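The values are calculated or read from the model by the stated rules, or taken from the named source; none is laboratory data. In this text, all values refer to a predicted model and were calculated from it rather than measured experimentally. FYI the Cβ positions are ideal-geometry reconstructions off the backbone, even for glycines, and counts take in every protein chain you see.
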Amino acid sequence: MTDSIQKKHDGGNAPGGRLFVVSAPSGAGKTTLCEAARRQLPHLVYSVSSTTRTPREGEQAGRDYFFVTEAQFRAGIDAGQWAEWAKVHDNYYGTSARFIQDHLDAGRDVLLDIDVQGAAQILRRYPDALTIFIMAPSMDVLRQRLSARGLDSDEVIDKRMQNARSEIARRPMYRYVVVNDDLDAAIDRFISILKRGA
């Protein structure tokens, strides 16, 4: 792929707000792009996911994630609480179905930052969602970024790289692909897609 943005297919607008779904391998820069979008598009509602993983340094409950126990998460599965959920890197992640629907019904645009498994589930429920996949320019660059973060052991990085290959293989599922080769340019491309889709 040579283009930094690839349009995959067209989709119609549903009544109410618009749902944006963003996925990426760990280290591709998805969180940074989403944070930039939230600063420049203050009307955009950011959906905070729930997770069973341990908070990282600097993360705040309710801002970055809702941190729950595995028992609480499994109870949510049984109750149909999650619009999407997945087990990623040995931890559960999920998005509240009620949160999404309440905001869309109120005419607000919602941004979901979720993995590829969750995106597939969301598309079954919301086929008109606008989907964007973020990726690094190469696997070598992706590994360098993961190592530079200083958050994970070599063993964890190896696992993230293995998962990244399977995630990248599913990028045709997404309407747009943004290659994060230059951060400022990638932010501009990402926000441009959100503005066109809103």
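Looking only at residues that are at pLDDT 90 or above and of a type in the set (Asp, Glu) in the stretch 62-93, which one is surrounded by the fewest Cβ atoms within 10 Å (Cβ to Cβ)?
Asp78
For the stretch 47-91: of the residues being part of a loop (DSSP other than H, G, I, E, B) and in contact with a Ser or Thr (Cβ under 6 Å, 6 or more places away or on another chain), which is nearest to Asp115 (Cα to Cα)? Even if it seems obvious, please write down each step before you answer.
Initial filter on the stretch 47-91 (part of a loop (DSSP other than H, G, I, E, B)): 47-49, 52-60, 62-64, 68-69, 79-81, 89-90.
Filter once more, keeping what is in contact with a Ser or Thr (Cβ under 6 Å, 6 or more places away or on another chain): 47, 49, 68.
Details: Ser47: 13, Ser49: 11, Val68: 18 Å.
Ranking the qualifying residues of the stretch 47-91, first place goes to Ser49.
Just to be sure before I move on: is Phe67 aromatic (Phe, Trp, Tyr) and under 22 Å from Arg160 (Cβ atoms) in the structure I sent?
Details: aromatic (Phe, Trp, Tyr): yes; under 22 Å from Arg160 (Cβ atoms): yes.
So Phe67 fits the description; yes.
Test Ala37 against the stated conditions and say whether it is at pLDDT 95 or above and hydrophobic (A, V, I, L, M, F, W, C). Even if it seems obvious, please write down each step before you answer.
Working: at pLDDT 95 or above: yes; hydrophobic (A, V, I, L, M, F, W, C): yes.
Yes; evaluated as a whole, the condition is true for this residue.
Any residue in the stretch 140-160 that's over 11 Å from Ala28 (Cα atoms): show its pairings with residues that are part of a helix (DSSP H, G or I) and of a type in the set (S, T, N, Q) at Cβ separation under 8 Å, as long as the two are six or more apart or on different chains.
Ile157/Ser147
Inside the stretch 28-42, can you point out the residues that are part of a loop (DSSP other than H, G, I, E, B) and within 12 Å of the chain's Cα centre (by Cα)? Give the steps one after another, and end with the answer.
Residues of the stretch 28-42 part of a loop (DSSP other than H, G, I, E, B): 28-29, 41-42.
Answer for the stretch 28-42, where residues must be part of a loop (DSSP other than H, G, I, E, B) and within 12 Å of the chain's Cα centre (by Cα): Ala28, Gly29.
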